[in-house]
Amino acid sequence: MPLRIAALVFLCACALLTRAQDPLAWRGFAPGFTNSQTAVDADGSIFWVGADSFGGNYSIHVIKYSPTGVRLADASRWLATGSNAKTLAPSFAGGRIYVGLTSADGSGIMALETGDLTMAWFDVMDGVEVQAIHATATQVVTLEDNGTTRTARRRAAATGNNLGSTTLASLTELDQSAMDGSGHVYVAGPGTTRSVSRLIRVNAAGSLHYDLSLSFPGYAARTARTMNVYGSLVMVGYDGTLVNGGSNVLLYRGKLSDGSGSAWTINADDFDSLKAVLPQADGSAIIALQFFGSGEGDRILRRSAAGVSWSIDLFNQSLYFLLADQDASGNILIGRRDTQQSWMDTVIERRDPSTGALLWEHVITGVSSLPTDLDVTPTGNVLLSSAEDLYVLQGLLVGFDRTSVIGGNSVLLQVLLTRPTPVANLPVLLFSNAVELPVPTSVNLPLGSTGTTVPINTLGVTSTKVATVNVRHVGYITQKAVTLLPPLLSTLVVSPVQVTGGTSTQGTVTIAGDAPTGGWLVNLSSGNAAASVPSTVTIPATLSTAPFVISTNPVSANTGIVISATRNSVTRTAFMAVNAPALSTFTLGSSSVVGGQNGSLTVTLNALAPTGGYSISLISGAPGLVVLPSSTAVPVGTNTRNLSFATTDVTSTINVTLVAHRGPVLRTQTLTLTP
């Protein structure tokens with residue numbers, strides 16, 4: 001039959017604005033869905049699988065969402081007829097997702113490419129009920145019951161072609177199954193009666209490895225409710241009826257290799273039913289029990305070979321549902337309804353596996369149909385599917401106060417919890433992928449906290465670098481990136497800004513941020529030979545400034561010069577002035593000279609004379625009495641000039657004013673001539 005997209009099914013994902021204490025990240029809605037389930041691939045993409053019926057025919061629908069709720073692809077096909085068809089748990093392998101529908105009247109399975117949900121193949125089986133789908137990269141195994149025979153059927157993963165079937169002759173029903181990492185399939189079910197429990201291993205090649213009868217003395221009947229393959233063990237959970245009346249829950253733990261093992265008694269109440277077994281790394285197991293009586297509630301507990309280490313009663317439960325799962329951090333996820341809430345409200349809990357203590361809780365209101373599946377993404381977000389609704393809950397919102405920062409400056413990491421902490425000292429764990437973005441390993445939150453702000457002092461980087469902080473809290477995992485920018489040349493300052501040629505001054509470069517490991521090199525240049533600078537200056541690691549020396553040469557006229565600093569196409573400039581020498585002093589060898597004899601004078605500059613010397617003008621107040629040249633030159637590289645001058649005879653004492661000047665600077669001396 002050709003691929004059919006059900007026109008009556010409307011599919012959407014609504015991205016919601018998140019705020020403090022609003023864990024609902026987004027929601028999917030598909031009117032007509034029944035018995036929906038979720039599956040998450042290694043990339044975090046979410047696959048929502050459900051069925052809808054039309055005229056006694058059942059179609060399966062698969063919708064692929066991004067982790068943020070963007071609908072990426074969908075597929076649909078008729079697969080089964082009859083009544084009460086249910087969705088089989090999806091299975092991933094070899095870049096495909098395998099989905100199916102089953103009922104007593106017929107079943108169907110479909111292989112889809114996970115990328116775009118293109119259908120690779122499908123198979124419809126009339127009169128066959130499928131218990132489960134298990135897949136490897138090379139083959140797909142279905143557990144099938146045609147009403148008379150139970151089989152493990154193998155198909156080629158690439159084409160769906162039949163590879164053979166293994167008859168499970170000792171079984172009268174198929175209760176539970178699981179596949180290990182080598183492709184071997186384990187099946188639990190009753191033998192001739194429910195008082196006989198059998199455990200079978202079918203090898204990946206189809207041969208029957210073992211078919212064991214499990215003995216549970218004192219029990220009249222058992223129904224396998226759960227099966228887990230963990231490490232070297234296969235774990236089968238049973239609801240059992242005692243010979244002398246009453247009931248209990250058993251957990252059989254057998255070796256994968258030969259099935260041998262033993263059972264733990266859970267000591268359940270008469271109205272308890274096993275809903276989930278979550279194996280733990282230390283060999284223990286967390287067990288979820290749903291209570292179908294009155295006056296008590298559901299229960300979760302941790303059982304090991306030594307006994308029960310803790311047990312939590314979830315009181316005020318109605319008879320609706322109990323779902324359990326475990327996140328990547330090992331925390332327990334519980335989905336339930338509480339009679340203290342509306343019957344349309346669902347409670348989602350996250351609990352500590354070591355103690356059972358509550359870590360996080362949220363109530364989803366208005367869930368009109370019973371939830372059917374509880375799942376978790378690699379980032380710890382919780383998925384709850386409820387027929388037509390898919391709820392995605394987040395526990396952690398993380399952001400920086402800016403998207404980029406120059407290394408060496410501080411940035412704020414804002415951590416917002418969607419629910420207040422139920423106990424004190426719950427840690428927020430922080431991990432950074434860059435040494436330039438150092439973070440504390442953890443921050444403990446007080447009771448009732450809804451978040452924290454973590455200041456981070458970044459370190460310098462040589463080039464643009466995207467750094468990421470991974471934040472974890474009670475199983476929720478999220479990360480946020482900030483771009484670390486290399487230093488930005490900020491300022492160039494010269495001080496003092498005016499110097500006389502031949503003396504030095506200091507320049508200082510400043511960057512925004514800190515210099516990275518190895519320092520930060522800045523290129524320097526001068527716009528005039530009167531001032532010279534080093535070709536580069538290096539700002540030491542972790543610092544933001546570096547000084548350098550500006551040497552100047554003597555000049556004959558005041559000269560303005562531009563000093564430049566450049567790095568990464570950013571240039572900063574500073575103006576400075578190199579001034580010509582100025583006349584500092586004008587002195588006489590003697591202030592009194594006998595007329596007719598020679599006198600002497602000295603002119604002194606405040607700096608060395610430039611190339612070509614430096615001329616000083618001279619003026620005599622009585623040129624006939626004191627004979628001065630119009631000027632004298634201070635030789636290059638010196639700052640003084642001594643000069644003799646002639647005088648004439650006088651008959652009486654006379655005072656003569658002598659002047660030396662250059663530009664605006666004028667110096668005078670009085671020479672006394674005596675007879």
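Looking at the stretch 200-226, which of its residues are assigned to a loop (DSSP other than H, G, I, E, B), surrounded by fewer than 17 Cβ atoms within 10 Å (Cβ to Cβ) and either modelled with pLDDT under 95 or of a type in the set (A, V, I, L, M) (or both)? Those that are assigned to a loop (DSSP other than H, G, I, E, B), surrounded by fewer than 17 Cβ atoms within 10 Å (Cβ to Cβ) and either modelled with pLDDT under 95 or of a type in the set (A, V, I, L, M) (or both): Ala205, Ser215, Pro217, Gly218. Number of residues in the stretch 379-416 that are out of contact with any strand residue (DSSP E or B) (no Cβ under 7 Å at 6 or more places or on another chain) and part of a loop (DSSP other than H, G, I, E, B): the value is 1.
Residues are listed down the side, and each one gets a yes or a no for (1) open to solvent by less than 20 Å² (accessible area, probe 1.4 Å); (2) under 21 Å from Leu143 (Cα atoms):
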| site | (1), (2) |
| --- | --- |
| Ala188 | yes, yes |
| Gly191 | yes, yes |
| Ser195 | no, no |
| Arg198 | no, yes |
| Asn228 | no, yes |
| Gly245 | no, no |
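Consider the stretch 76-97 and keep the residues that are in a strand (DSSP E or B) and open to solvent by 10 Å² or more (accessible area, probe 1.4 Å). The one that is farthest from Trp26 (Cα to Cα) is Thr81. Please give the number of the condition Asn528 fails out of (1) surrounded by fewer than 16 Cβ atoms within 10 Å (Cβ to Cβ); (2) at pLDDT 95 or above; (3) assigned to a loop (DSSP other than H, G, I, E, B). Among (1) surrounded by fewer than 16 Cβ atoms within 10 Å (Cβ to Cβ); (2) at pLDDT 95 or above; (3) assigned to a loop (DSSP other than H, G, I, E, B), the lone unmet condition for Asn528 is (1). One residue stands out among those in the stretch 620-652 that are aliphatic (A, V, I, L, M) and under 16 Å from Thr587 (Cβ atoms): the one that is surrounded by the fewest Cβ atoms within 10 Å (Cβ to Cβ), which is Leu643.
Under 18 Å from Ser177 (Cβ atoms) and of a type in the set (Ser, Thr, Tyr), is that true of Thr148? No, not satisfied.
Any residue in the stretch 553-563 that is open to solvent by less than 30 Å² (accessible area, probe 1.4 Å) and within 55 Å of the chain's Cα centre (by Cα)? Yes, the stretch 553-563 contains at least one residue that is open to solvent by less than 30 Å² (accessible area, probe 1.4 Å) and within 55 Å of the chain's Cα centre (by Cα). Selection within the stretch 417-441: residues that are part of a loop (DSSP other than H, G, I, E, B) and open to solvent by less than 30 Å² (accessible area, probe 1.4 Å). The member of this set that is nearest to Val454 (Cα to Cα) is Leu437. Only one entry in Thr468, Thr478, Thr510, Thr538 is touching a residue at least 12 places away in the same chain (Cβ under 8 Å), open to solvent by 20 Å² or more (accessible area, probe 1.4 Å), more than 30 Å from Val376 (Cβ to Cβ) and out of contact with any Gly (no Cβ under 7 Å at 6 or more places or on another chain), namely Thr510. Among the criteria (1) touching a Ser or Thr at 6+ places or on another chain (Cβ under 8 Å); (2) over 21 Å from Ile60 (Cβ atoms); (3) open to solvent by less than 20 Å² (accessible area, probe 1.4 Å); (4) of a type in the set (Gly, Ala, Ser), the one Ala157 does not fulfil is (2). If the condition is being closer than 18 Å to Gln506 by Cα and either in contact with a Phe, Trp or Tyr (Cβ under 7 Å, 6 or more places away or on another chain) or open to solvent by less than 50 Å² (accessible area, probe 1.4 Å) (or both), then the stretch 564-586 contributes Ser564, Ala565, Thr566, Ala574, Met576, Ala577, Val578, Asn579.
Here is the figure for the stretch 236-249: residues that are over 42 Å from the mean Cα position of the chain (by Cα), outside any loop (DSSP other than H, G, I, E, B) and either at pLDDT 90 or above or more than 16 Å from Gly307 (Cα to Cα) (or both) total 6.
Determine if the stretch 102-125 includes at least one residue that is at positive phi, open to solvent by 60 Å² or more (accessible area, probe 1.4 Å) and assigned to a loop (DSSP other than H, G, I, E, B). Within the stretch 102-125, not a single residue is at positive phi, open to solvent by 60 Å² or more (accessible area, probe 1.4 Å) and assigned to a loop (DSSP other than H, G, I, E, B).
The values are calculated or read from the model by the stated rules, or taken from the named source; none is laboratory data. What you see is a predicted model, and the numbers here were worked out from it, not measured in a lab. Don't worry about glycine lacking a Cβ; one is built from the backbone with ideal geometry, like all the others, and counts go over all protein chains shown. Side chains are part of the model used for accessible areas, which takes the heavy atoms of the whole protein and leaves out ligands, DNA and RNA. Shrake-Rupley method; radii C 1.70, N 1.55, O 1.52, S 1.80 Å.
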